[in-house]
1. Quick check: anything in the range 14-34 surrounded by 10 or more Cβ atoms within 10 Å (Cβ to Cβ), within 30 Å of Ala130 (Cβ to Cβ), at pLDDT 90 or above and not small (Gly, Ala, Ser)?
2. Modelled with pLDDT of 85 or more, closer than 26 Å to Ala162 by Cβ, among the hydroxyl-bearing types (Ser, Thr, Tyr) and surrounded by 13 or more Cβ atoms within 10 Å (Cβ to Cβ): does that describe Thr92?
3. I'd like the residue in the range 57-71 that is without any contact (Cβ under 8 Å) to a residue 60 or more places away in the chain and surrounded by 13 or more Cβ atoms within 10 Å (Cβ to Cβ) and, out of all such residues, is farthest from the chain's Cα centre (by Cα).
4. Are there any pairs, at least 6 apart or on different chains, whose C-beta atoms fall under 6 Å, with the first in the range 117-130 and at negative phi and the second surrounded by fewer than 17 Cβ atoms within 10 Å (Cβ to Cβ) and at pLDDT 85 or above, and if so, which?
5. Within the range 112-130, does at least one residue satisfy the condition of being modelled with pLDDT under 80 and over 16 Å from Leu85 (Cβ atoms)?
6. Looking at the range 152-162, can you tell me whether even one residue there is under 27 Å from the mean Cα position of the chain (by Cα), modelled with pLDDT under 85 and not in a helix (DSSP H, G or I)?
7. Pairs please, first residue from the range 143-161 and loosely packed, with under 14 Cβ neighbours inside 10 Å and of a type in the set (Val, Ile, Thr), second anywhere and modelled with pLDDT of 85 or more and part of a helix (DSSP H, G or I), Cβ atoms under 7 Å, 6+ apart in sequence or on different chains.
8. Out of all the residues in the range 40-52, is one or more closer than 30 Å to Leu131 by Cα, among the β-branched types (Val, Ile, Thr) and out of contact with any strand residue (DSSP E or B) (no Cβ under 8 Å at 6 or more places or on another chain)?
Amino acid sequence: MAEAPAADPVAGLVDIPLPAQVSLWPQTLASQIAIAVLIASLIAGTWWLIRRRRADRYRRAALRELGAIEARLDAEPDADLSEALAALVRRTALAAFPRAQVASLAGADWLAFLDRTSDRSDFSQGPGQALEIDAYRSAPADAQRQHALVGLVRDWIGTHHA
C-alpha cells in the first residue's frame with residue numbers, strides 16, 4: 001500500500017480575530033466639547049487678529065512715513081520737519097477718526113484733541129506745541145527739540161484711541 005500524503009499541519013489553523021480599530025475621535029462627551037470649543041476659539045482668535053491687523057494698517061503706514069521723516073532729520077535739522085509731522089498726524093487722525101470730528105479742528109482745539117486721544121498733555125503743554133508754532137518759523141528748531149517732537153508723534157501714532 002502506498003502511503004497517504006501527510007496532512008498539512010498549517011491547514012487547520014484559524015486566523016486570530018483582530019480587535020476593532022481604535023477611533024481617533026475621543027469617546028467622551030467632555031473631550032468632544034473641549035475640542036469643539038478649542039476649534040471655535042482658534043477660528044474666532046484668527047478672525048479677530050485679521051480684523052485688528054487690517055484696522056491698524058494706517059498705523060503701520062504712518063510709522064513707516066515717520067521713519068522716513070526721522071531719517072531725514074538724522075541727516076541734518078530740518079526747517080520743514082514740524083510741517084511734515086503736522087501733515088502726518090493730521091492724515092493719521094483722519095484715517096482713525098470720523099472726518100467730521102477731526103477735519104475742522106485747528107490751533108488749540110487740534111492740540112487738545114491730540115491730548116485727549118493720547119491721555120497726555122504733551123501736545124498742548126509740551127513739545128507737541130511745535131506742530132502749531134514751528135510752521136511759522138523760518139529757522140529750524142534745535143535737534144533735541146525736533147527729536148522730542150518725533151518721539152511724541154511716534155507715541156501718539158502707536159497708542160491713540162477714540
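1. no
2. yes
3. If we filter the range 57-71 for residues that are without any contact (Cβ under 8 Å) to a residue 60 or more places away in the chain, which is where we start, we get 57-58, 60-61, 64-65, 67-68, 71.
Now drop any that are not surrounded by 13 or more Cβ atoms within 10 Å (Cβ to Cβ), which leaves 58, 61, 65.
Values: Tyr58: 10, Ala61: 12, Glu65: 17 Å.
My answer is Glu65.
4. Every condition considered, the pairs that remain are Ser124/Ala112.
5. no
6. yes
7. Between residues of the range 143-161 that are loosely packed, with under 14 Cβ neighbours inside 10 Å and of a type in the set (Val, Ile, Thr) and residues that are modelled with pLDDT of 85 or more and part of a helix (DSSP H, G or I), the close pairs are Thr159/Ser118.
8. Within the range 40-52, not a single residue is closer than 30 Å to Leu131 by Cα, among the β-branched types (Val, Ile, Thr) and out of contact with any strand residue (DSSP E or B) (no Cβ under 8 Å at 6 or more places or on another chain).
The values are calculated or read from the model by the stated rules, or taken from the named source; none is laboratory data. Not measured: the values here are computed from a predicted model. Note that we place each Cβ from the backbone using ideal geometry, even for glycine, and neighbour counts take in every protein chain shown.
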